[in-house]
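K.L.:
What follows is a single structure, and I will ask about it in a moment.
The values are calculated or read from the model by the stated rules, or taken from the named source; none is laboratory data. Nothing here was measured: the structure is a model prediction, and the numbers come from that model. Ideal geometry is used to build each Cβ from the backbone, glycine not excepted, and the neighbour counts take in all protein chains shown.
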Amino acid sequence: MKNLHPFIRAHLVFLVIAVPILFLPKGKFLLWLNDLHTPFWDSFFKYATYLGDGIIPAVLIVLLLFVNYYRTLVFTAAILLETLIVQGVGKRGFFSHLVRPKKFFGEDVALNFVEGVNVHGYHTFPSGHTAVAFVLFCFLALSINRKWGIPLFLIALIVGISRVYILQHFFIDIYFGALIGTASVLIIQYFFQQRTNISQNPAWHKGLLGERLKL
């Protein structure tokens, strides 16, 4: 366990300690969190959730192209794998019938909505924003100094919690979104490191700037 990367170690701990929440009645954690609404947290989570938007990975891919083709390839492939699982298998596939909190509770429960957030009603499982955030921050954690592993994990987790706070997802959605995101990075990294020789090719460790740079 000590030899694991701090990001992976922190994620494994989270997966274990969060299991009891999965067995609570659906929406129990969401309703508890919803009762904690304050103007500060409304603003905080409203903007924190943008870290899981698709625009962030797109920007990173462009930046990576300038410094390291190999890292660009790994990150892009991880995003594509995550998208395939979340959208193809999950939201639009086997779990397309599952609805989001707004539809699930309907008029039966008075929910605190965050002003300015367009809350959706369908395609809840798994959370795409959470998956994107965990791909992004897991990739960054594995690419830079290990000491950033836990802080980057916490940022990714905040994105996931934000999705519950602003009533876009249930806890189970972000739990598996996070798992898919991290797993996508690890699977792609393993594939390119163990099943191809691309990672050993110096040409792939150059970017548009022309300099060899291993991130």
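K.L.:
Residue check: is V16 over 16 Å from the mean Cα position of the chain (by Cα), at pLDDT 95 or above and farther than 23 Å from H120 by Cβ?
P.N.:
So V16 passes the test.
K.L.:
While we're on this one: Hey, can you tell me all the residues within segment 49-101 that are under 18 Å from G181 (Cβ atoms) and not in a helix (DSSP H, G or I)?
P.N.:
Selection gives D53, G54, F95.
K.L.:
Just to be sure, is H37 surrounded by 13 or more Cβ atoms within 10 Å (Cβ to Cβ), assigned to a loop (DSSP other than H, G, I, E, B) and touching a residue at least 24 places away in the same chain (Cβ under 8 Å)?
P.N.:
yes
Residue-wise test of (1) of a type in the set (A, V, I, L, M); (2) touching a residue at least 24 places away in the same chain (Cβ under 8 Å); (3) closer than 27 Å to G210 by Cα.
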{"site": "P20", "(1), (2), (3)": "no, no, no"}
{"site": "G27", "(1), (2), (3)": "no, yes, no"}
{"site": "L30", "(1), (2), (3)": "yes, yes, no"}
{"site": "W41", "(1), (2), (3)": "no, yes, no"}
{"site": "A48", "(1), (2), (3)": "yes, yes, no"}
{"site": "G52", "(1), (2), (3)": "no, yes, no"}
{"site": "I55", "(1), (2), (3)": "yes, no, yes"}
{"site": "V62", "(1), (2), (3)": "yes, no, yes"}
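K.L.:
If V164 satisfies all but one of (1) at pLDDT below 95; (2) buried (at least 17 other Cβ atoms within 10 Å of the Cβ), what's the number of the condition it fails?
P.N.:
(1)
K.L.:
I'm trying to understand the selection: among the residues of segment 72-113, which are within 21 Å of S199 (Cα to Cα), of a type in the set (A, V, I, L, M, F, W, C) and either crowded, with 20+ Cβ neighbours inside 10 Å or under 16 Å from the mean Cα position of the chain (by Cα) (or both)?
P.N.:
Passing the criteria: V74, F75, A77, A78, I79, L80, L81.
K.L.:
Here's something else I'd like to know. What about V135, is it over 11 Å from the mean Cα position of the chain (by Cα) and more than 16 Å from A18 (Cβ to Cβ)?
P.N.:
Spelling it out, it is not the case that V135 is over 11 Å from the mean Cα position of the chain (by Cα) and more than 16 Å from A18 (Cβ to Cβ).
K.L.:
Consider segment 102-145. How many of its residues are of a type in the set (A, V, I, L, M, F, W, C) and either in a helix (DSSP H, G or I) or touching a strand residue (DSSP E or B) at 6+ places or on another chain (Cβ under 9 Å) (or both)?
P.N.:
14
K.L.:
State all residues of segment 129-149 that are of a type in the set (S, T, N, Q) and modelled with pLDDT under 95; if no residue qualifies, say none.
P.N.:
So in segment 129-149, the residues of a type in the set (S, T, N, Q) come out as 130, 143, 145.
Those that are of a type in the set (S, T, N, Q) and modelled with pLDDT under 95: S143, N145.
K.L.:
Testing A183 on (1) surrounded by fewer than 23 Cβ atoms within 10 Å (Cβ to Cβ); (2) in contact (Cβ under 8 Å) with a residue 24 or more places away in the chain; (3) under 30 Å from G27 (Cβ atoms); (4) of a type outside the set (V, I, T), one condition comes back false. Which one is that?
P.N.:
With (1) surrounded by fewer than 23 Cβ atoms within 10 Å (Cβ to Cβ); (2) in contact (Cβ under 8 Å) with a residue 24 or more places away in the chain; (3) under 30 Å from G27 (Cβ atoms); (4) of a type outside the set (V, I, T) applied to A183, the lone miss is (2).
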